[in-house]
Amino acid sequence: MRLERYVYLTLVGVSLFRSVLSQVNPGFPYGSEKVRGVNLGGWLVLEPWITPSIFDNTGNPDIVDEWTFGQYYDRATATSVLQNHWDTWITESDFADIAAAGLNHVRLPIGYWAFEVGPGEPYIQGQLPYLQNAVQWASQYGLKVIVDLHGAPGSQNGFDNSGQRLPYPTWQSNQTNIARTDAIIKQLASMFAGQDNVVPIIEPLNEPAGYDSGVLAPLTQYYYDSYGNVRYPYGTSAQSNTVVLLHDAFQSLSYWAGFQTPPNWQGVAMDTHIYQVFSDSDVAMSWQEHIDAACSTQSTLAGFDLWLMVGEWSPAATDCATYLNGRGIGSRYDGSYPGSTYVGSCTGITGSASTFSSSYKTFLRQFWEAQVISYETVDGWIMWTWKAENADEWSYQAGLQNGWIPSSPTDLEYPNICG
Ligand SMILES: *[C@@H]1O[C@H](CO)[C@@H](O)[C@H](O)[C@H]1NC(C)=O
């Protein structure tokens, strides 16, 4: 073989090798298989509506989130309540049940305070060993874990589920907050870089409030930094196989068109959340209108240029669940939320499934199926949430037990519900 030809073939070989190296190879075939999953809500980040008893038992109405739980409650009691909750709310048998229900992913919310607590921050730590256990159990049962940073320093949205209920988020307005969050994502990425078969995705920030002014610009920079932190966790030019999942910050998908797309960017996916319960007009819809709205998401989701999953959604059609809008705050549906108008009574549509009529359960199944069908027109779905103390309409587990969620997610009774 002539030397030139040898050199040429070697160069082709090197460039093929390099292009193979630059392709991410995730621990799940996103894009060719559908994500079917459930969130493990209210476990490592408390949410008043998921476990109202933890909040009611404090006897203190000012305890409305995990921050105030640490701030106002007796420290020793708070610590033991949390530890008991972490030990019992989700256990190995939940992972077994989730896998047996034909799901392939869990999305696991965690707060920054599991990693570090700053001066004056009242959070109680101890969540990390549970995250490690969860990953171990997931691997045992063949489930993939999306680790989701649900609360950042200063709060990225002011929701109680960010750890701190605030009138306005403060994460974005303080560079120290952002730098602390970057450091946590680096830590998470290196923690799981060798386990991308079980933790194929890290989501660097849940639901940043892009509708508040001053959030989108620092968020965009944070998403660039997160790309580096998640995709290059080794401190070298070697890419990981870990996918970065970006929440859309409540912007339309067209806002993000072209953002971090291949070939220059690899291993990026978009997360959008779809609820039909958080406005007066949403809760005023009829059951049929809820189903039609679910089906119509197919056109708004279509044609996006990254892997796209609906990382939170629910068959709930009202905001009736106790504390859903915050501890001590009522529901729009029954008019007890400030400024809302009565649509109907919450009796029989939240709480225990034993109070649900059979026509309501049929609706829940149809609404669930309409959403599953619609979200599978893109890359899949992760329902919110696996269990709730007293809001069965939100619970995957209760849906399985009471028949509005099929024991295999492809076993549809209404495959033509979207026409
Ligand atoms: C910025 O946030 C840090 C905590 O992340 C806090 O210690 C500091 O006081 C904040 N600075 C301002 C100006 O609010």
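Conditions tested, residue by residue: (1) surrounded by 12 or more Cβ atoms within 10 Å (Cβ to Cβ); (2) at pLDDT 95 or above; (3) of a type in the set (D, E, K, R).
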position	(1), (2), (3)
ARG18	no, no, yes
PRO29	no, yes, no
TRP43	yes, yes, no
THR51	yes, yes, no
ILE63	yes, yes, no
ASP87	no, yes, yes
GLU92	yes, yes, yes
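Looking at ALA138, ALA114, which one is within 16 Å of the ligand (Cβ to nearest atom), surrounded by 16 or more Cβ atoms within 10 Å (Cβ to Cβ) and modelled with pLDDT of 95 or more? Can you show your working first?
Details: ALA138 fails: within 16 Å of the ligand (Cβ to nearest atom).
Checking each option against the conditions leaves just ALA114.
Report every pair of residues separated by at least 6 positions or lying on different chains whose Cβ atoms are under 6 Å apart, first residue within region 155-180 and in contact (Cβ under 8 Å) with a residue 24 or more places away in the chain and more than 13 Å from the ligand (Cβ to nearest atom), second charged (D, E, K, R) and not in a helix (DSSP H, G or I).
ASN157/GLU207; ASP160/ASP65; ASN161/GLU47; ARG165/ASP65
Does TRP386 fit the bill of being aromatic (Phe, Trp, Tyr), in a loop (DSSP other than H, G, I, E, B) and at negative phi? It would help to see each step written out before you state the result.
Numbers: aromatic (Phe, Trp, Tyr): yes; in a loop (DSSP other than H, G, I, E, B): yes; at negative phi: yes.
Against the criterion (aromatic (Phe, Trp, Tyr), in a loop (DSSP other than H, G, I, E, B) and at negative phi), TRP386 qualifies.
Looking at GLY210, GLY142, GLY228 in this structure, which one is at positive phi and small (Gly, Ala, Ser)? Before the answer, list the steps.
On the way: GLY210 fails: at positive phi; GLY228 fails: at positive phi.
Answer to the check: GLY142.
Considering every residue within region 151-166, establish whether at least one is open to solvent by less than 10 Å² (accessible area, probe 1.4 Å), in contact with a strand residue (DSSP E or B) (Cβ under 6 Å, 6 or more places away or on another chain), hydrophobic (A, V, I, L, M, F, W, C) and not in a helix (DSSP H, G or I).
Within region 151-166 (the criterion being open to solvent by less than 10 Å² (accessible area, probe 1.4 Å), in contact with a strand residue (DSSP E or B) (Cβ under 6 Å, 6 or more places away or on another chain), hydrophobic (A, V, I, L, M, F, W, C) and not in a helix (DSSP H, G or I)), the answer is no, since none of the residues qualifies.
The values are calculated or read from the model by the stated rules, or taken from the named source; none is laboratory data. Treat the numbers as computed from the prediction; the structure is a model and nothing was measured. All Cβ positions, glycine included, derive from the backbone under ideal geometry; neighbour counts span all protein chains shown. Keep in mind that these areas ignore ligands, DNA and RNA; they rest on the heavy atoms of the full protein, side chains included. Shrake-Rupley method; radii C 1.70, N 1.55, O 1.52, S 1.80 Å.
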